[in-house]
Structure formats: structure tokens, C-alpha cells
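Report on one structure; see the data block that follows.
Taken together, the values in this text are just the output of simple stated rules run on the coordinates, not laboratory data. From a predicted model like this one, the values you see are computed outputs, not experimental measurements. Because the Cβ atoms are built from the backbone with ideal geometry, glycine has one as well, and the counts that use them run over all protein chains shown.
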Amino acid sequence: MSRRPGTPRLLRQLNDRAALELLLSSGPLTRTQLGRETGLSKVTASQLLARLEERSLVEVVGSQAGGRGPNAALYAVVPSSAYVAALDVSATGVTAAIADITGRTVGEVSVDPAASPDPVDVVHTTVAKLLESARVPLDKLTACVIGTPGVVDPRTGDVRFSFDLHSWHEGVLEALRTDLRRAVLIENDVNLAALAERAEGAAAETADFVLMWLGSGGGVGMAIMLDDRIHSGRSGGAGEIGYLPVPGAPLPDDVGLPGGYQSLRTAYGKPSLAHGFQALVGAQEILALGAAHGFAEDSVVGVLTAARDAGEAGDAFLDELAERVARGVASVCVVLDPGLVVLGGDVAQAGGADLAARVARHAARIGPNAPEVATGRVDGNPVLRGALLLALRHAREQVFASTVE
């Protein structure tokens, strides 16, 4: 078995990376504190800090009083050493944010995707607005992560199929990288939300969970995290739970659509997929269910809010919706047994802990594996937050790996 030799250059790179990560998580730190936490001698810590200072990766941000002698300088990572961009792209809107290398968001913008049919033009315009709003030069942008509601092929990184974004197809990723001349990644939006929930949300204490996404725009999806890694499957289709055959939901053949996964029908006056799990818990189906229970509202959030505000009068609707959601939860749990199911999206947020508790009760009745069911807890837009976290991971790999000449 061959091993990479522990050359002085490699050791310096490893020490630099450890120091930078420590400064990001625990900084600012003095030279003595940095040496103690990393196990480096004072001389090595001093040389390391001098090297990182020379490359404009760390700087003195203050001082700390100690015992006898002068105050010790406090070092921190230079926030402006690199920036990352994150985009949440849907058929109805693009929201984007830019953050410095420490993870601090320094700008946010929104763009109407209808302004151009070309994905490259939409992303270019969005990134340009981000850089302008934050007054960040292009050469400081290191990575860009884009979240889309499509199936992303893990072998190519391209969108293989998207029900809502027809112009996103094979070849778009390379075109984006050529246009921006930066590292660009495309990832499924629910997978990104799961990364955010794992880092700072409902799944912060578990490495195995699934995130079931119930969106007010009709989207039904799922992300699977096993052993702290997103499981995308061979072709990227793992988690496309909307197509899952469950009791009470028709199959494509049942509605005369053999293999017609892009065919539409009309439900509650709007287009909707006619088969699979999404035929039970899609936005239009929830609107129809709410109307049947006397909660005729214009939006899914409005229906759930009205039902919760109605007290006991809303129990029948909430229980029927929870039982529908539980069919999908139980089906997933008998295969994966993740222990924790996080409900995300506008529907889950509107239903809150009460809906999660109802889903847990019904899932325990349906299947043998009774999971914990929780509502997502990431502040703001979890897709955008997950995209930022993934972009930061890639940017730090790139920036922190080049500290030694």
C-alpha cells in the first residue's frame, strides 16, 4: 500500500488548513492559543501565522491582555479573502445570496427568471447583481452553488430532468462554468435544504435522516442523508418521492398515462400530476381537501392556518392530511428506517409541530418503524442556506489548499 510521504510542504499545508479551520470555528485566537489547540510549537505557530498573513488569509484584529509583558495579538481569518454565491432557482423566482469566507452573508437579491429563457443569462444576471450589491470584485468570487427542483445526475453534475425548469438540461453546467469562469455546482434544492437542517436545524444531532419537502407551489420531494452523506442514487433520482406508489394514490396506468410522468391533469382548477404520492399531498390536492372540510382558501398556507385557528373544527382536516403524509413517511421508513423524518417546505411550516405530531402517530400505526417526526428549523430559506454552506465547503477547499508555494 503506497502512502503519500510526509514532506515538509505537505505538513505545512495540513497545519495551515487546521489553523484556518480553527480560526473560523473558534477565532479570534492568539498565537499561544492557536498553538495549544493545534499541538504546534510556538515557533511553528509563529511561522504559520506569518505565512498566512503574507498571503492575506489571516490578520490581526485586536489584542488580549495576559500576564506580564505586552498584550498578545489576536488573529482571525480575513473575511474578504474569498466570497461565495448561492442561488435558489425555481420557475417563479430566483433568490440569491453572497457570503464571505467566514460564512457571513453580505448581500441578497431576487431576480425574475421570466426575464430570459436562457439559464446562463439568468444566473449571470443574478451573480452580477449580487457582486454589485455587496461591492465585491469578480476575482474574489470563488464558488457558486445553484439549487434547482430537478434531478441532478451525480455523474455529470447536470440537471437530468426538471418538471418546472424545461430549459435546464445537459450542457448547462459547463456553459455556466465557462461564463462565470468559477467553480459552479448544481444541486437538487431539497438536498440543499437537508444539508442546512443537518448543519443547524432539526437534524443537527443525527447523521441519518430524511427530509420530506411539501411545498406550497405543488412540489413534493425528499432528501436522504445516510452516515452524514446525501444519497442521490445512481442517476440522481433517489428521493423523488412524489412518484412513490402508496395506498390511495393512482398509478400512471390507472389514469391512462403509461410512463407519462410529465402528463398533467386538472385538479382544483390548476395543473397537477395525477399519480403517486404527490396525488395525495400536492398543493392542489391539499386545497381540494381543505375545501371539502370547509376551509376554502386561496393558498395552502391559508388552508392550514385556517384549520389550526379553528381548533377542534379543524381536527378532521389536519388528521386526514397527516394520514396522507404518513403513508409516504411509513413507506420510506420500512425501507430506510432513518429514525428521524424532517418535514420541510411551506406546508410543513404552516402545519407546525402539531402536524408533525399527527404524522408521527399515523406513521406508527401504518408501519412497524415508528420514526421521530420534526418540522424543519432552519431560519429563512433552507435551500439558499444549504447552497451557501456547500459553496463555502468548496471555496475553503480551494482557498485553504493553496497556502504553501
- [ ] Describe numerically, in nm with one decimal, the distance between label points set 7 Å from Cα along Cα→Cβ at Arg9 and at His231.
- [x] 4.1 nm
- [ ] Using only alpha carbon pairs under 8 Å that are at least six residues apart, calculate the relative contact order of the stretch 203-377 and give it in whole percent.
- [x] 23 percent
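Quick one: net charge around Pro382, please, counting Lys, Arg +1 and Asp, Glu -1 for every other residue with C-beta under 12 Å from its C-beta.
Numbers: positive: Arg198, Arg377, Arg385; negative: Asp88, Asp189, Glu197, Glu200, Asp346, Asp379.
Combined, the nearby Lys, Arg, Asp and Glu give -3.
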Task: Amide H partners (placed H, <5 Å) of Gly107, local residues excluded - done: Ile98
TODO: Quick one: what are the phi-derived ³J(HN,Hα) couplings along the stretch 324-329, Karplus 6.51/-1.76/1.60 with θ = phi - 60°, whole Hz, x for glycine and proline?
DONE: 5, 4, 5, 4, x, 4
TODO: Take every Cα-Cα distance within the chain, group them into 20 Å bins from 0 onward, and report for each bin the whole-number percent of pairs it holds.
DONE: 25, 49, 23, 4, 0
- [ ] For the stretch 141-148, just list the computed ³J(HN,Hα) in residue order, Karplus coefficients 6.51, -1.76 and 1.60, θ = phi - 60°, integers in Hz, with x standing in for Gly and Pro.
- [x] 7, 9, 8, 9, 10, 10, x, 9
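Could you calculate the FRET efficiency of Arg17 with Arg155 from 1/(1 + (r/R0)^6), where r is the beta carbon distance between them and R0 is 35 Å, rounded to 0.05? Intermediate values should be presented prior to the final figure.
Details: r = 29 Å, r/R0 = 0.82.
According to the calculation, E is roughly 0.75.
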Task: Other-chain or far-sequence residues with amide H under 5 Å of Thr30's (modelled H) - done: Tyr75
- [ ] Within the set of other residues whose C-beta is less than 14 Å from the C-beta of Ala203, count the net charge using Lys and Arg as +1 and Asp and Glu as -1.
- [x] -3
Task: Residue of Ala97, Ala387, Ala249 that the Gaussian network model of the chain assigns the largest fluctuation, springs spanning Cα pairs under 10 Å - done: Ala249
Task: Cut-off 14 Å, label 7 Å out along Cα→Cβ of Val120, residues of the stretch 161-178 by amide N - done: 168-178
Open item on the list: Counting only trypsin sites (Lys or Arg not before Pro) that sit in a DSSP loop (anything but H, G, I, E, B) with at most 16 other Cβ atoms within 10 Å, what is the longest stretch of the chain containing none of them?
Closed with: 235-376
Open item on the list: Below 14 angstrom from the Cβ of Arg181, what's the summed charge of the other residues (Lys, Arg +1; Asp, Glu -1)?
Closed with: 0
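With r as the distance between the Cβ atoms of Gln398 and His169 and R0 = 35 Å, compute the FRET efficiency 1/(1 + (r/R0)^6) and round to 0.05. Mind dumping the intermediate values first?
Numbers: r = 27 Å, r/R0 = 0.78.
Once the sixth-power term is evaluated, E becomes 0.80.
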